Amino acid sequence: MPGSVRTIDLRDAARMQEPASVQFMVKPEGSRCNLDCRYCYYLSLAGAEQSARMSEALLEKIIREVGQTDEIAEITFTWHGGEPLLAGLPFYRRAVRLQRRYASRKRIFNTIQTNGTLLNPEWASFFRDNAFLVGLSLDGPGDIHDSFRKDRGGHATFSRVMRGLDCLLQAGTPFNTLSAVSARSQGRGQETYRFLRDAGSRYLQFLPVSEPGNAPCNITGEGFGRFLCDVFDQWVKRDVGEIFVSQFDAALCCWCGLPPGTCVFARTCADTLTIDWNGDVYACDHFKDAAHRLGNLAEHSLSGMLSDPRRIHFVTAKSDLLPPACRACPWLPACQGECPQHRDGKGNRLCEGYKIFFAHTAPYFDRMRALLEAGKDAAEIMREIRN
């Protein structure tokens, strides 16, 4: 997910309580990308990694070690970047073969996050045939998407992404959309939601652009909260049970006393390791720096780094280091301080937005919880609203 790249329902959240599950975010091209998105937190690294490419030997070592880790029964490989499709289709064909060779007794899931500009029918068929879940980066209608998501020549990318989306639809390949919510998105939540829904997305994730300082692409905390409220008002009237939005799934899970299914709203950070193209391993994709580097696979094992005290400290620090403002907040059980990447000395930069969102949606989540506890479908709330 965390990020992650898919939304969950209540049954998924219950399953995630199983302890023997871990996610590896693998970056076969490092930060290298064919786009030049102005809000990308890897932009400064991409220029230094023009020749980045994970070797076949390292790929095999990763999958072999995962297969030999007996205490892990379920593994998710999240292929990420930069742009992971730059590694080429033969790389992923080999990855699937290695998974079958070394980890055939485990439950293996593959997800991949792509900007979509390189997708074609061959890619789409491969992902469908090998049960990959595709995360497609699409920020909304053309003018929103192209505001900050251009290629390295400064050209718009919207039409290319839409061609990639059409390839996925034509092949019947499962996908979700990941939308960066920037300053350009502010005040346009309903329009963005309708566009993504009508484009064929059934699983939506909204990622706030909130970098330190006053970056021109940043959305304000209040702006993000109102964006979510506008999306929610569309969703709760007609799409409950049909369209899944990560923030809404997580909130409903929290209301029902279940794990939220995404590290952003969990009490601790995720059991995830990020593996870079050169074998460097980090506790989190958003903290890819020397202070959070756990080691290199040339010198350490994956199982050793999973049990590294520094990783355990990182996972629990999210709760241990909650700012005072978060500890005193009535919405803490639903938010858990959100992601540490958005925190500063005073609290979370998105705090005001989440207060607006939870206050606006609480009556609806209260009702959906009551419906579920009564053995009914949460989608019943749509009928009640209409009546």
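The values are calculated or read from the model by the stated rules, or taken from the named source; none is laboratory data. Everything numeric here is computed off the predicted structure, so don't read it as measured data. Note that we place each Cβ from the backbone using ideal geometry, even for glycine, and neighbour counts take in every protein chain shown. Each accessible area value is taken on the protein alone, full model and side chains, heavy atoms only, with ligands, DNA and RNA left out. Shrake-Rupley method; radii C 1.70, N 1.55, O 1.52, S 1.80 Å.
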Test result for Ala199, within 28 Å of Gly225 (Cβ to Cβ) and touching a Pro at 6+ places or on another chain (Cβ under 7 Å):
no
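Can you name the residue in segment 201-212 that is part of a loop (DSSP other than H, G, I, E, B) and closer than 19 Å to Asp143 by Cα and is also modelled with the highest pLDDT among such residues?
Of all residues in segment 201-212, those part of a loop (DSSP other than H, G, I, E, B) come to 201-202, 209-212.
Next, only the ones that are closer than 19 Å to Asp143 by Cα stay: 201, 209.
On the way: Ser201: 98, Val209: 95.
Ranking the candidates gives Ser201 first.
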Output the qualifying pairs, or none if there are none: Cβ atoms under 8 angstrom, residues six or more apart or on different chains, first residue in segment 208-224 and more than 19 Å from Tyr42 (Cβ to Cβ), second residue among the aliphatic types (A, V, I, L, M) and open to solvent by less than 10 Å² (accessible area, probe 1.4 Å).
Ile219/Val181; Ile219/Val209; Gly221/Leu350; Phe224/Val181; Phe224/Leu350
Going by the conditions given, is Leu294 under 30 Å from Asp70 (Cβ atoms), in contact (Cβ under 8 Å) with a residue 40 or more places away in the chain and outside any helix (DSSP H, G or I)?
no
Please specify each residue of segment 327-350 satisfying the condition of being in contact (Cβ under 8 Å) with a residue 24 or more places away in the chain, more than 20 Å from the chain's Cα centre (by Cα) and open to solvent by less than 50 Å² (accessible area, probe 1.4 Å).
Cys329, Gly347
Quick one: would you say Tyr102 is over 30 Å from His155 (Cβ atoms) and in contact (Cβ under 8 Å) with a residue 24 or more places away in the chain?
yes
Can you name the residue in segment 168-200 that is of a type in the set (Val, Ile, Thr) and outside any strand (DSSP E or B) and is also nearest to Glu222 (Cα to Cα) among such residues?
Thr192
Checking Gly82, Gly67 in turn, the sole residue that is crowded, with 18+ Cβ neighbours inside 10 Å, of a type in the set (Gly, Ala, Ser) and outside any helix (DSSP H, G or I) turns out to be Gly82
When the residues of segment 213-240 are narrowed to those that are farther than 18 Å from Arg188 by Cα and modelled with pLDDT under 95, which ends up least open to solvent (accessible area, probe 1.4 Å)?
Ala215
Which residues, counting only those in segment 141-187, are in contact with a Gly (Cβ under 6 Å, 6 or more places away or on another chain), open to solvent by less than 50 Å² (accessible area, probe 1.4 Å) and not small (Gly, Ala, Ser)?
Phe158, Val161, Asn176, Leu178
Within segment 371-387, the residues that are open to solvent by 40 Å² or more (accessible area, probe 1.4 Å) and assigned to a helix (DSSP H, G or I) are Leu372, Glu373, Glu380, Arg383, Glu384, Ile385, Arg386
Just one of the numbered conditions (1) assigned to a helix (DSSP H, G or I); (2) within 27 Å of Ser21 (Cβ to Cβ) is not true of Lys237; which one?
(2)
